[in-house]
Each structure stands twice: as C-alpha cells, then as structure tokens.
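> There's a structure below that I have some questions on.
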Amino acid sequence: MDPARRSSLTRAATALVAGLALVGAASAAVASTGSPAVPGGDWPTFDFDAQRSGVGPLDTGIVAANLGRLRARIVTTPGTVDSAAVELHAIEVRGHVRDVAIMTTTYGITFAIDPGTGQRLWQFTPPSSARLAGSSQVTTATPVLDPDRSYVYATSADGYVRKLSVATGRQVWATRVTLLPSHEKLPSSLNISAGSLIVTTDGYYGDAPPYQGHVVEIDLVSGRITHVFNSLCSDRTTLLQPSSCPASDSGIWGRSGTVVEPDGKILVATGNGPFNGSTDWGDSVLELSPTLRLLHNWTPANQKQLNGSDQDIGSTEPALLTGAGGTPLALQGGKDGLLRLLDLDHLDGTGGPAGPRTGGQLQQLDDPGTTELYTTPAVWTHGGRTYAFVADGSATAAYVLGAGNRLSVAWQDGTAGTSPVLAGGLLYVYDPGGTLVIRNPLSGRVLAKLPAASGHWNSPIVVGGRIILPVGSYFAHHTAGTIYVWHLPGR
C-alpha cells in the first residue's frame, strides 16, 4: 500500500492503543516504608500493545537503583501458564479496588489474582478442563483485555474462546474457532483491533494431519465470527473442516499470534505447508486487510526446502520497525536461525498483490545464537535510534537499525531467553533454564539475575512496581503451577 495511506490511517490505531494504555499513573500511594509512590498501570495484551512492540510503561517504579530491593512472592496456580499474564490497575473485585492480573493455564482455566497479595480472586473452569487434564490437548495463548477494561478474552483447550467478566470471571459468551480441536490448537496470544477479537490456530506437537492455520475475527460484543482467513484453501472464507481441504499444516503459532500495523492491517507468519501463490501459503509472511482479505505475501526463495526440513518461518511472528523516511519494516525470524528484514510496502520486492513470487527481503542475517527462534522480538526507539532485542535458546542480542535500513549487532550475550520486554528503561529476558535477567538495553550489561523455576514459552510483564512471570512447560502436562511476582516493598 502507498505509504501516505498508511500514515492517514494511523490516528484510528493510535486511539485504540490509547484505550489499552496506562490508566491512573498517579494513583499509587506512598508505601508504608517511605518509598516514593509507584505509578499503577495496565498491561492489556501480550507484549503490551496490538503492534507487539514488547515495550511497556515508561515508569514502572522499578529502576536500576532499586533492583536490590525486589522481593519474590511465589503464587500457586491451578495449572501451568505457558504464556504471559495481563494486568489491570484499580479494578473493583469483591468489594475492594485492587490491581488484577489474569492468566490462562494449559487446560484452559482462566483465573485472576491480586498481584499485591497473591490472593486468587476468581477462577473460570471450562467444562472440558477435567476431561482434558493431563492430556496433550492444550492451549498456550495469552489472554487479552477489552479496551473498556471490564472484560477479558481467553482460550481453552477445547477450541473455544470466551469473554469473561474481569470483576467476577463470569462467562458472557463462548465461540468455537475450530471444527477439530483435537488436531487444531489455540497456541498464540489473542489480539484486538477495531472492535474485533483476533484468534489464530495451529496443529499440535508432531504435526498430525489434518489441520490448517486460520485467522478468525470475532465481534467483541456479540461473540459472532465475522471473518475467517485460511492459510491453506484460502479461497474458502469460513471455518474449515480440516479434512475437507486437500492440504494440511501451515499453522499460525508464533507467540504474538497476529501483529496489527498502525493502519489496521494484520500480519501473520505461517508454518510448514504447501505454497502455490494462489490458495496455499505455507512458510510465508502474509499481510491481511482489517477484514482478513489477503493483500501481500513474502515467501522465502527456499520455501520448499524449509517445508521439507521442518524449518518453519512461522515459529515467530513479524516485529514492526520504522525505517528511514517512515518506511514500514518488519523483522521476521524462523526455525532456520535467520532473520529477514522486510519492506511492508514491497514485501516480495514489488508493490504488487499476493502471488507466487518468492524472495525480495531487504536484508538477511543470523539470529543471536545457534538455535531455532521461537520468540517475539521487542522493538524500542530511543535517542533517535531503533533497536530490536531478540532472544533464542542460546543467546540474546540487540540489533540497531542504521543507514540504508540495515540492521547490525549492537551487543550480544550467550544467555538464552524467551520473548524480551522493555519497561521503565530496563530490558527483561527470562532464561527458561530458570533465571530472569535484567539488563541495560543500550549496553547489554546485566544489572540483576532473579532466580526462578524453569519454563518454556513464558515471558514477564512489568508494571506497578512488580514483575510477574509464570513458569513451567506445557509438555509436563501438570494441573498445578507457579507464578513469580517480584515486587518493591509495599507492592
């Protein structure tokens, strides 16, 4: 699309993000310890915003100088949370105004806690939970909060998405987004754009056919499915019975799920599957309209090789950057250990529509370590420069965008990490071996290492003087779990 049109649509997207942004920043009182007031705030979705920037509040109350004052609060949960939490500030629950953190377990139990005490406030257990507990049929999606701050949307392992009351956990509606939940998993974080909930589907570990990647939009008020995009058999625009499509796989399973561009268009990356440039879009980055019409694609020139060797492009989702002259860019990783920098106005190297053309990336470079990439980068603009923080199973690195819209390594460290987040000027990266590492984002210098338990795809949020980190892996099939809440005194 012409860049001018992207700019003209930015205002609507900005208004949506504002609706999800910090609330009541000055509401926190001075703690009894005499500490300065800590601003409260919301963390409404995975990686903080619909663009999946990974950059949270400017002021969390936590700074380099007080990291040594953090204390751990360990909370028991009704299952493993192999994802991330969301949080709302100053919500009335059980007759008291308090902060509320909400998470979903691998068997679809969604629950709320008061992060200031660890008290469980409510729990919603779907009817399928007891039947599926201990099985390999799971969900690993992070919930998303409604812009009105009254509702939360969450997945369950039975293929349903539910709208729940933030105050009580009461179900408002439930909508099925797959016709074969035993083969199609709800793996990725939920998103919201322009009054619609956005959900994606994948297959289960082992890729047992049949399944297809779907993007599904649901009206927030009614729970009615309004649009569907199928990454295979894309000429069909309703939910598929997976066996009715001759092609299988091409799941959409990166941690972000979908990425909403500032003008409302939607980006996804697909996993292994066939590609023909007309109806089948395996191993591709796809740009969709707000109503899920396919606009453009980027497909690597070696797509067939990647498909044959199980090296999904869609093991991660695009990260948005803005280049010189306002050029809209995306950084795309994959299981092949490479990062590609893409021009969103010329995804395949041209401004044409989606089709069979392959290649066209601006740049290709190695990801930080020697392992496959399963995480979402965080993108931060500071001092007139744009940084992308990327972590994988063996390293963490910062890349800086320079002249000619090219990335170079700013710093690199051999510590593994899940999806990084940046908040209050500090970089937080969870090493799933069991440590939360806090860094100076400009130098990479380690400021603190907080001991935790081991995990998988879990990632932290940082808001209101607290760091909230679920731990554990869905592969363990546990029905109880743990959350770490590191907090400043009085928080």
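The values are calculated or read from the model by the stated rules, or taken from the named source; none is laboratory data. Source: prediction; values computed, not measured. Methodologically, a virtual Cβ is constructed for each residue, glycine included, from the backbone with ideal geometry; neighbour enumeration extends over all protein chains shown.
> Of the numbered conditions (1) surrounded by fewer than 22 Cβ atoms within 10 Å (Cβ to Cβ); (2) in contact with a Gly (Cβ under 9 Å, 6 or more places away or on another chain); (3) more than 22 Å from GLN311 (Cβ to Cβ), ASN230 fails exactly one; give the number of that condition.
Of everything listed in (1) surrounded by fewer than 22 Cβ atoms within 10 Å (Cβ to Cβ); (2) in contact with a Gly (Cβ under 9 Å, 6 or more places away or on another chain); (3) more than 22 Å from GLN311 (Cβ to Cβ), ASN230 misses just condition (1).
> Next question, about the same structure. Taking the residues in region 200-234 that are touching a residue at least 60 places away in the same chain (Cβ under 8 Å) and among the hydrophobic types (A, V, I, L, M, F, W, C) as candidates, determine which candidate is farthest from SER248 (Cα to Cα).
LEU220
> Based on what the data block shows, is VAL400 in contact with a Phe, Trp or Tyr (Cβ under 7 Å, 6 or more places away or on another chain), surrounded by fewer than 17 Cβ atoms within 10 Å (Cβ to Cβ) and on the phi < 0 side of the Ramachandran plot?
The answer is yes for VAL400.
> Sticking with this structure for a sec: Report, by residue number, each residue of region 332-351 that is over 16 Å from LYS265 (Cα atoms) and either in contact with a Phe, Trp or Tyr (Cβ under 7 Å, 6 or more places away or on another chain) or of a type outside the set (Lys, Arg) (or both).
GLN332, GLY333, GLY334, ASP336, GLY337, LEU338, LEU339, LEU341, ASP348, GLY349, THR350
> How many residues are modelled with pLDDT of 95 or more, surrounded by fewer than 22 Cβ atoms within 10 Å (Cβ to Cβ) and outside any strand (DSSP E or B) when one looks only at region 316-325?
1
> Is it true that THR178 is without any contact (Cβ under 8 Å) to a residue 60 or more places away in the chain and either buried (at least 22 other Cβ atoms within 10 Å of the Cβ) or polar (S, T, N, Q) (or both)?
The answer is no for THR178.
> For GLY351, all conditions in the list (1) at pLDDT 95 or above; (2) surrounded by fewer than 18 Cβ atoms within 10 Å (Cβ to Cβ) hold save one; what is the number of the exception?
(1) is the only condition that GLY351 fails.
> Can I ask one more? Checking the conditions here, which among THR142, THR168 is β-branched (Val, Ile, Thr), in a loop (DSSP other than H, G, I, E, B) and surrounded by fewer than 24 Cβ atoms within 10 Å (Cβ to Cβ)?
THR168
> Which of the residues that make up region 145-158 are surrounded by fewer than 24 Cβ atoms within 10 Å (Cβ to Cβ) and either of a type in the set (Ser, Thr, Tyr) or under 19 Å from ASP82 (Cβ atoms) (or both)?
Those that are surrounded by fewer than 24 Cβ atoms within 10 Å (Cβ to Cβ) and either of a type in the set (Ser, Thr, Tyr) or under 19 Å from ASP82 (Cβ atoms) (or both): SER150, TYR151, ASP158.
> Which numbered condition in (1) part of a loop (DSSP other than H, G, I, E, B); (2) farther than 26 Å from HIS478 by Cβ; (3) of a type in the set (Val, Ile, Thr) is the only one that THR178 fails?
Going through the list (1) part of a loop (DSSP other than H, G, I, E, B); (2) farther than 26 Å from HIS478 by Cβ; (3) of a type in the set (Val, Ile, Thr), THR178 breaks only (2).
> Based on this model, can you work out whether LEU342 counts as crowded, with 24+ Cβ neighbours inside 10 Å and either in a strand (DSSP E or B) or in contact (Cβ under 8 Å) with a residue 24 or more places away in the chain (or both)?
It is true that LEU342 is crowded, with 24+ Cβ neighbours inside 10 Å and either in a strand (DSSP E or B) or in contact (Cβ under 8 Å) with a residue 24 or more places away in the chain (or both).
> For region 250-274, enumerate the residues that are surrounded by fewer than 24 Cβ atoms within 10 Å (Cβ to Cβ) and either at positive phi or free of Cβ contacts under 8 Å to residues at least 60 places away in the same chain (or both).
If the condition is that a residue be surrounded by fewer than 24 Cβ atoms within 10 Å (Cβ to Cβ) and either at positive phi or free of Cβ contacts under 8 Å to residues at least 60 places away in the same chain (or both), then GLY264, PRO274 are the ones that fit.
> What are the pairs, 6+ residues apart or on separate chains, where a residue within region 445-458 that is assigned to a loop (DSSP other than H, G, I, E, B) has its Cβ under 7 Å from a residue that is among the polar types (S, T, N, Q)?
Cβ pairs passing all conditions: ALA452/THR435; ALA453/THR482; HIS456/SER473; TRP457/SER83; TRP457/THR140; TRP457/THR418; ASN458/SER83; ASN458/THR418.
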